[in-house]
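Asks: Below is a structure I'd like to ask you about.
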Amino acid sequence: PALHPLIYQAECSDILLVQINPIEHLGVPDTVPEIMDRMNEVTFNASLLAELRAIEFVRRLLAQGKLDPRRYKDVRMHRIDGGAVLARMGSASKARADLGFLRQLFELGRTAGQQWLAAHRQDLGVRASLNLAHNA
């Protein structure tokens, strides 16, 4: 989903992105389903990365005093990155809906969330924990 509505239709300046598609893959897709899945990831990630770059650009201009802070929001981005763990499951896992697998995903998500909170809880409301200049 687009980040823009979260920025300007919410009062909070923190956005926590739970990323389920990896930005990078180490291997090259071999099969038609793997290639199609990678194309979908690239398409989805392209719009996400464009929005993250725009957020970083606005933040930089705000910090330099070149934009009016009454019109532009200084958004603090955070990310829980599940992409690497989920990528190892392969593209076929996206079609799985069995209870055991859903429980496994739930536990992976809970663990990732707890790890993120342990590392970044103090950042909420204060500073971004996602370095957009490096990750966008």
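Asks: Using Cα-Cα distances under 8 Å and only pairs 6 or more residues apart, what relative contact order does the chain have, in percent? Show your work: numbers first, answer last.
Replies: Working: 113 pairs, mean separation 50.5, N = 136.
Relative contact order comes out at 37 percent.
Asks: Can you tell me the 0 to 90 degree angle between the C-alpha axis of helix 32-63 and the longest principal axis of the chain, rounded to 10?
Replies: 10 degrees
Asks: For the pair Thr111/Asp30, report the inter-label distance in nm, with labels modelled 7 Å from Cα in the Cβ direction.
Replies: Taking the two extended label points, one gets 2.7 nm.
Asks: How big is the charge dipole of the range 4-135 about its Cα centre, in debye rounded to the nearest 20, if each Lys and Arg gets +1 on its Cβ and each Asp and Glu gets -1 on its Cβ?
Replies: Numbers: 17 positive and 15 negative charges, 95 e Å.
About 460 debye.
Asks: Suppose we flag trypsin sites (Lys or Arg not before Pro) only when DSSP calls them loop and at most 14 other Cβ atoms lie within 10 Å. Which is the longest uninterrupted stretch of the chain? Present the calculation step by step, with values, prior to reporting the outcome.
Replies: Numbers: sites that count: Lys66, Arg70, Arg71, Arg88, Arg96, Arg127.
By the stated rule (loop sites, at most 14 other Cβ atoms within 10 Å), 1-65.
Asks: So what's the net charge close to Val58: Lys and Arg +1, Asp and Glu -1, counting the other residues with Cβ under 9 Å from its Cβ? Can you show the working numbers first?
Replies: Details: positive: Arg59, Arg60, Lys73; negative: Glu56, Asp74.
Charge balance near Val58 sits at +1.
Asks: If you wrap the range 27-96's Cα atoms in a convex hull and average its projection over all directions, what's the area in nm²? Before the final figure, lay out each step's value.
Replies: Numbers: hull surface 25.8 nm².
So the Cα hull casts an average projection of 6.5 nm².
Asks: Would you order Leu117, Leu3 from fewest to most other beta-carbon atoms within 10 Å of each residue's own beta-carbon? Walk me through the numbers before you get to the answer.
Replies: On the way: Leu117 12, Leu3 17.
Listed from fewest to most nearby Cβ atoms, that is Leu117, Leu3.
Asks: Follow-up question, since we're still on this one. Binning every alpha carbon pair distance of the chain at 5 Å from zero, what are the percents per bin?
Replies: Taking every Cα pair in the chain, the percentages come to 2, 9, 16, 19, 18, 15, 11, 6, 3, 1, 0.
Asks: Further, regarding this structure: For helix 99-120, report the angle its Cα long axis makes with the longest principal axis of the Cα atoms of the chain; keep it between 0 and 90° and round to the nearest 10°.
Replies: 30 degrees
Computed from the coordinates by the stated procedures, all read-outs in this text should not be read as laboratory data. Every value quoted in this text rests on a predicted model; they were computed, and no experiment measured them. With ideal geometry, Cβ positions are generated from the backbone for all residues, glycine too; neighbour counts draw on all protein chains shown.
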